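Any read-out appearing in this document is the output of simple, stated calculations on the displayed coordinates, not a laboratory observation. Treat the numbers as computed from the prediction; the structure is a model and nothing was measured. All Cβ positions, even for glycine, are placed from backbone atoms using ideal geometry, and neighbour counts span all protein chains on display.
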Amino acid sequence: MRLPSLEFSGGDFLGKASHDINFSASVSAGYAISENSRFENVVQLLFPHTVQLRTTHRLSADVHRIYQLDLSNGYQLVVKFSPPPALPLLRREQLSLETEAHALTILAQLGHPCIPRLFRYMPCDPSSSASFLVRQYINGTLLPEMRSQLSPGDCRNLDRHLGSLVRAISQQVSTSFGSLGQAAAGTGSSSWRESFISLFEEVLRDAEDMMIHLPYDQIRREISRLGPALDEITVPRLVVVNFGRPSDVLLDPNLKQLSGILDLGSAIWGDVLMAEMFEAPSDAFLAGFGPIPSSGRYQSMRSML
């Protein structure tokens, strides 16, 4: 699947060209300008000058800096910045913002209310040390804050809804395996075995870089031995590996139903069983997901990888 350019994404009102305002340059240079000035630049990049920034709120203190913007026209946006250059990152984390932008672009065709709409993604350029994306703000309360208020029936309904959403996401297919960026650039792999081993090798190298003592040679031999199980997968499907983590699940506090999913930065083209929710799936989740695609004699083994 060839992706459209991510630099201009969104609806008709997002027509201002990026050269109208040098936001990337203002993001760099040590954040010399105030936060409000940077966010006002975001608003000017996307909307007519009559639209004003009302308030901003810091939403996250993880590796990405995430802010909520409330605008005078009633829109609420989320701006997500890449981590500071000096912050050590795992190899996959270095690409997570770009990956999320690709995933939101692909999934826009679903029109699913739980998947936020991407307004703009701006990658790093020679004048900037930061990239950022702007997406729709989705109202809701994080699952950990709601857990004690959910009945067993509420939990089953939530798992069923999550299962159906994983299914819908997995219906998006590519012509190659690997990262979303690789597939978009035409450099993905034709083999899930090859792609999985490459992804796993990145994890091992991260561990080696951090001086974690593991039997690396033995692990590599075992992964190679599992090749036949990986070869069962011949269709590259969109899968969000971290999908369903409680910190990324939003609920409507009144209806106690799924209202949104956050952070698609772990998406890849691969085996749908890579999603963490398949590690110990509930009956309700499996009912919502339906039949497992590419099932075979090694299905149980693949679900443990």
- Listed peptides 216-222, 114-120 by packing density, highest first (mean Cβ within 10 Å): 114-120, 216-222
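Using a Förster distance of 25 Å, how high is the FRET efficiency between H49 and Q136, based on the Cβ-Cβ distance and rounded to 0.05? Could the numbers behind the result be given before it?
On the way: r = 22 Å, r/R0 = 0.87.
My answer for the efficiency is 0.70.
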- Message: Distance between the C-alpha centers of region 130-144 and region 40-91? Whole Å please.
- Response: 10
- Message: Given axes a ≥ b ≥ c from the Cα gyration tensor, I'd like to know whether region 54-156 is rounded (a/c under 1.5), prolate (a/b larger than b/c) or oblate.
- Response: prolate
